[in-house]
Amino acid sequence: MDTTSLLARGQKKPASIKILHAISLLLPGDWLKSFVFLNCIHRPRKLLRSLLFDFYRMDHIYDVIKEFTGNYQGNFSILEFGVAEGYSFVKKLYATRYLKCENRITIHGFDSFEGMPKDSGRCDQGLHAGDSWVEGQYQSDFKALVDCCAARYENFQLHKGMFDATITEDFVDRLRHTPPILVWIDCDYYTSAKIVFERILPALPSGCVIYFDEPYFNYGSRFTGEARLIHEINAGLLGEGIELVPDLALSLASNRIYRFINLNASIGYEPMEKRFSAEDRLLRNNGSPFP
Ligand SMILES: C[S@@+](CC[C@H](N)C(=O)[O-])C[C@H]1O[C@@H](n2cnc3c(N)ncnc32)[C@H](O)[C@@H]1O
């Protein structure tokens, strides 16, 4: 908390501020005070904060796979929209191998492999000149990726083409037997991400994890990019009873991971065992704060 607001309410200075003040008294001149503050206090503090709280986009993959394979029956899918050279695609494949669940999870990757399409106006564009994605950017070699994955794995499918052509009704229907547990949105444009949600909606169970790679585009403004889509979904774009709830445990201090909620979903996960029963009791313990 900012100490000036504490002091304004007549509270005591925290010890950390007293220590900083004492150090400042020992240092002569504004230049030296500023140099020491920036390099010996501000920088290490920032580094420690980021080591502890920064989100790394591969962090949650293992947690999500363990959560669903450990708690629910059957087989599942992971869907990635925007694959390019397959940087994050192969990391997901390896995660299924490491966690010994290649037989339960199929990973589907969707991409034109021709790079970014033409944008559809302000909702896809950066606020500053030169901040927008460029048509053809991230063009990649589809065959090389198929060969690379096929040499090591069997639990994947790559769907080449524009999303509106490859996310077919038939594909979405088939997902009912292998419900998605993680949807990875890395196609950058608002318009591309919107098509994805409109198409896969019938196959998404409540609780499915949705990862957005670019919610900070244009400072996270709700007028553009993935942030716009998140805002619109929560304002009812896809219908009543549908929302994206931030998952703070998975996304740490970022706003990149959500749980999909659809009160009217016709598809769900099958728990391995029932969580609640009429026999459940809450037992009294002792008066201490110990559990
Ligand atoms: C940032 S790249 C993906 C990066 C990749 N996930 C990685 O980890 O390296 C975005 C990709 O989205 C694809 N893309 C964007 N909109 C698309 C659309 N409507 N249909 C198909 N592909 C699309 C582009 O071809 C591009 O390869």
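The values are calculated or read from the model by the stated rules, or taken from the named source; none is laboratory data. All of these numbers come straight from a predicted model, not from anything done at the bench. Cβ coordinates were reconstructed from backbone atoms using ideal geometry, including for glycine residues, and neighbour counts include every protein chain displayed.
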Among the residues of the stretch 160-171, are any among the aromatic types (F, W, Y), more than 9 Å from the ligand (Cβ to nearest atom) and assigned by TED's automatic domain parsing to the domain that holds K92?
yes
For the stretch 193-215, pairs from a residue that is in contact (Cβ under 8 Å) with a residue 12 or more places away in the chain and assigned by TED's automatic domain parsing to the domain that holds F110 to a residue that is of a type in the set (K, R) and assigned to a helix (DSSP H, G or I), with Cβ under 7 Å and 6 or more apart or across chains, are A203/R176
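State the number of residues belonging to the stretch 91-112 that are part of a helix (DSSP H, G or I) and either among the aromatic types (F, W, Y) or away from the ligand (no atom under 16 Å from the Cβ) (or both). Before you say what the answer is, go through the steps one by one.
If we filter the stretch 91-112 for residues that are part of a helix (DSSP H, G or I), which is where we start, we get 91-98.
Those still in the list that are either among the aromatic types (F, W, Y) or away from the ligand (no atom under 16 Å from the Cβ) (or both) too: 94, 96-98.
Within the stretch 91-112, residues that are part of a helix (DSSP H, G or I) and either among the aromatic types (F, W, Y) or away from the ligand (no atom under 16 Å from the Cβ) (or both) number 4.
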Taking the stretch 123-171 and keeping residues out of contact with any Asp or Glu (no Cβ under 9 Å at 6 or more places or on another chain) and basic (K, R) leaves K143, R152
Counting only residues that are out of contact with any Asp or Glu (no Cβ under 9 Å at 6 or more places or on another chain), in a helix (DSSP H, G or I) and within 14 Å of the ligand (Cβ to nearest atom), how many does the stretch 35-90 have?
3
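Of all residues in the stretch 258-269, which are surrounded by 10 or more Cβ atoms within 10 Å (Cβ to Cβ) and either of a type outside the set (V, I, T) or at pLDDT 95 or above (or both)?
Here is the first cut: in the stretch 258-269, the ones surrounded by 10 or more Cβ atoms within 10 Å (Cβ to Cβ) are 258-263, 265, 267-269.
Result: Y258, R259, F260, I261, N262, L263, A265, G268, Y269.
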Among (1) within 13 Å of the ligand (Cβ to nearest atom); (2) more than 30 Å from N75 (Cα to Cα); (3) over 23 Å from the mean Cα position of the chain (by Cα), the one test that G115 misses:
(3)
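What number of residues in the stretch 213-245 are among the hydroxyl-bearing types (S, T, Y) and closer than 15 Å to I185 by Cβ? First the steps, then the outcome.
Our first condition is that a residue be among the hydroxyl-bearing types (S, T, Y); within the stretch 213-245, this holds for 216, 219, 221, 224.
From what is left, the residues that are closer than 15 Å to I185 by Cβ are 216, 224.
Final tally of qualifying residues: 2.
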Any residue in the stretch 267-291 that's not assigned by TED's automatic domain parsing to the domain that holds T178: show its pairings with residues that are among the hydrophobic types (A, V, I, L, M, F, W, C) at Cβ separation under 9 Å, as long as the two are six or more apart or on different chains.
I267/L175; I267/A203; I267/L204; Y269/F68; Y269/F76; Y269/I181; Y269/C208
